[in-house]
Amino acid sequence: MQPGVPTIARQFGEIGRDFYARGWTLGTSGNFSTLVSRKPLTLAITASAVSKGAIAVNDVVLIGPNASVIGPRGQRRKQSARPSAEALLHVTVARVRHAGAVLHTHSIWGTILSDVHAGEGGLTIAGYEMLKGLEGVTTHEHAEWLPILENDQNMERLARQVEETLERFPTVHAFLLRQHGLYTWGDGLAQARRHVEILEFLFEASGRLRTIAETHAGGSHGTDKNPRTTANVGGPRIHHEFS
């Protein structure tokens, strides 16, 4: 049996306070969702313009397969709280990936890397032991591909791009929106939260290592000193430096 909204709000609140303290969901950024029903598809999602450091029970709304607000018995209803503007992206991920939870963060390092590597369509992170924290990964030699999509305020258009990306790359654990943030998921909130923690660690480690390498190289644009983070779109890896 799926938990009720009060329980989900407490779960969101715990995650939100943690992510807010880490600087991953500052202001009212980010949004969280979890599966309530698969048939019909129903998600509980954080409301728009809510601080993730102070989520209350009234800050969680139920949405259906079209991201419209529904009542507890599947009836559409009017209420003051509105779902996140990106609710349709959550629905798309839950449907295409059969995810039980979707989490979205706005960290500094995720935002920077999403911009630096946008021209290559994504980035690959390889060689880190922490990669084994991603579901199904058993070795540090794994290379994790993270697609990067252009940010778009047209959610229907962006949701179509998300669906196309997930179908093109069926094994990815996450994707980035350029100059925006991370989307990842799991079979439940615990797994999705772990994926956020792992990926945010990898973003910061990769970004800091590149900064150190560039500083030691005197800011030159010569050989990339860090093979652990590369850009790769279906072909040979291309080392990419900050410019």
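What follows is calculated from the coordinates using simple rules that are stated; it is not laboratory data. No experiment lies behind these values; they were computed from the predicted model shown. All Cβ positions, glycine included, derive from the backbone under ideal geometry; neighbour counts span all protein chains shown.
Looking at the range 43-61 only, could you name the residues that are small (G, A, S) and part of a loop (DSSP other than H, G, I, E, B)?
Scanning the range 43-61 gives S48, A49, S51, G53, A54, A56.
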Note on the range 157-202: residues of a type in the set (F, W, Y) and over 17 Å from S33 (Cα atoms) are F169, F201
Considering residues that are within 16 Å of D59 (Cα to Cα) and out of contact with any helix residue (DSSP H, G or I) (no Cβ under 7 Å at 6 or more places or on another chain), the number found within the range 4-19 is 9
Matching residues in the range 4-37 (outside any helix (DSSP H, G or I) and either acidic (D, E) or touching a residue at least 24 places away in the same chain (Cβ under 8 Å) (or both)) number 16
